[in-house]
Amino acid sequence: MDRLRRRPRAQNTLRICDDDQLRQRFEEAEQSAQRARFLAEANPDDEAASRRAADAATALEEAGTALDSASDFLTFLALPRPALEELISQHPPTEQQAQEGAVFNPDTFPAALVSAASLDGMSRKEAEELLNTWSAPDANALWDAGWQVQQESRVELGKG
């Protein structure tokens, strides 16, 4: 029980990088490294393939370092179940939203959850500001980062 009680709660990190070229360079380096690794694994006696795989891995590491340094990160923590349930209850859906199947108010709950789950100390007002001023895909990514960590399961029912 002690070990179970000490389990850390799940975390989720959102990367924010406005440099499209760095993101593209990283993705290309990632694909190149994967291809080079597959070729090297398929041809274990080919020293040139092994060298290309090592060079591609180095290029990927460098691209990752550059991307990391140009990025901001927001980290979200899974809330204890009672805290999440309480937060949901504080943001009930309107009658119309409830008729449409909502279990919380989609106008007020997202900012409250993003703020409550933020390990970066984001206030509800700040979360609301970002959700309202960012583009729809970016705002959705912010919401998803806070919500998905609440849904993450790290247990598995096995065949005993």
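Every number here is computed from the coordinates shown, using simple stated rules; none is lab data. Model, not experiment: these values are computed from the prediction. Cβ coordinates were reconstructed from backbone atoms using ideal geometry, including for glycine residues, and neighbour counts include every protein chain displayed.
Observations, loosely collected:
- Separation between Cα centres of the range 1-78 and the range 135-160, rounded to whole Å: 20
- Note that the chain shows a convex hull volume over its alpha carbon atoms of 212 Å³ per residue.
- FRET efficiency for Thr13 and Glu86, using Cβ-Cβ distance with R0 set to 30 Å, rounded to 0.05: 0.75
- Where N is the number of residues in the range 94-160, Cα Rg divided by 2.2 N^0.38 Å: 1.36
- Computed over the chain with a Gaussian network model linking Cα atoms closer than 10 Å, the most mobile of Ala66, Ala42, Ala111 is Ala42.
- Remark: relative contact order (the chain) = 26 percent; criterion is Cα-Cα distance under 8 angstrom and separation of 6 or more residues.
- Sorting Ser118, Ser153 by the number of Cβ atoms found within 10 Å of their own Cβ, with the fewest placed first, yields Ser153, Ser118.
- Loop-located trypsin sites (Lys or Arg not before Pro) across the range 1-50 with a Cβ neighbour count of 11 or fewer within 10 Å are Arg6, with loop assigned by DSSP.
- Only helices enter this figure: runs of n ≥ 4 DSSP H residues, each worth -39500 (n - 2.57), summed and divided by the residues of the chain, yield -19500 deg cm²/dmol at 222 nm to the nearest 500.
- Averaging over all projection directions, the Cα-based convex hull of the range 22-94 occupies 8.7 nm² in the image plane.
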